[in-house]
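Report on one structure; see the data block that follows.
The values are calculated or read from the model by the stated rules, or taken from the named source; none is laboratory data. Note that the structure is predicted; figures quoted are calculated from it, not measured. Ideal geometry is used to build each Cβ from the backbone, glycine not excepted, and the neighbour counts take in all protein chains shown.
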Amino acid sequence: MKNSKLKKVLCRLAGDRAGGVMMEYVILAVLIAAAAVVAVMYFGRGIVTNLSTSTHAMSGESGKASASSQKAKSDAASAESENESYRKEHADR
């Protein structure tokens, strides 16, 4: 069987302690990136709304800040009612 470059590299990495450590760091980085993506998907809308409210408040636009705050509260109430209806719907299962 002919030794390919890939096989040589894999054998060298498998036998090399530094290669194993590097793979651990790669796996850790992938897990952190996945957690960041999930967090942004879950909290994204709320973060954007809060940053918008803060920006308006710091720039002296209190009317827009108040509107953003009210929108955030209504979005939270809407999400809570959706969660409650989902829980009621799936409670029987």
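General observations
- Total residues in the stretch 48-67, condition surrounded by 10 or more Cβ atoms within 10 Å (Cβ to Cβ) and either of a type in the set (Phe, Trp, Tyr) or over 23 Å from the mean Cα position of the chain (by Cα) (or both): 9
- Residue count for the stretch 74-93, restricted to those that are loosely packed, with under 11 Cβ neighbours inside 10 Å and either modelled with pLDDT under 80 or not small (Gly, Ala, Ser) (or both): 12.
- Counted residues, the stretch 59-84 - those being over 24 Å from Val40 (Cα atoms) and either in contact (Cβ under 8 Å) with a residue 24 or more places away in the chain or part of a helix (DSSP H, G or I) (or both): 4
- Among the residues making up the stretch 62-93, those that are within 20 Å of Asn50 (Cβ to Cβ) and among the hydroxyl-bearing types (Ser, Thr, Tyr) are Ser62, Ser66, Ser68, Ser69, Ser74, Ser78.
- Filtered residue count, the stretch 37-52, keeping only those that are under 19 Å from Glu80 (Cβ atoms) and among the β-branched types (Val, Ile, Thr): 3
- Pairing each residue of the stretch 25-37 that is closer than 24 Å to Ile47 by Cβ and small (Gly, Ala, Ser) with any residue that is at pLDDT below 90 and assigned to a helix (DSSP H, G or I), provided the two are 6+ apart or on different chains, yields no C-beta distance under 8 Å.
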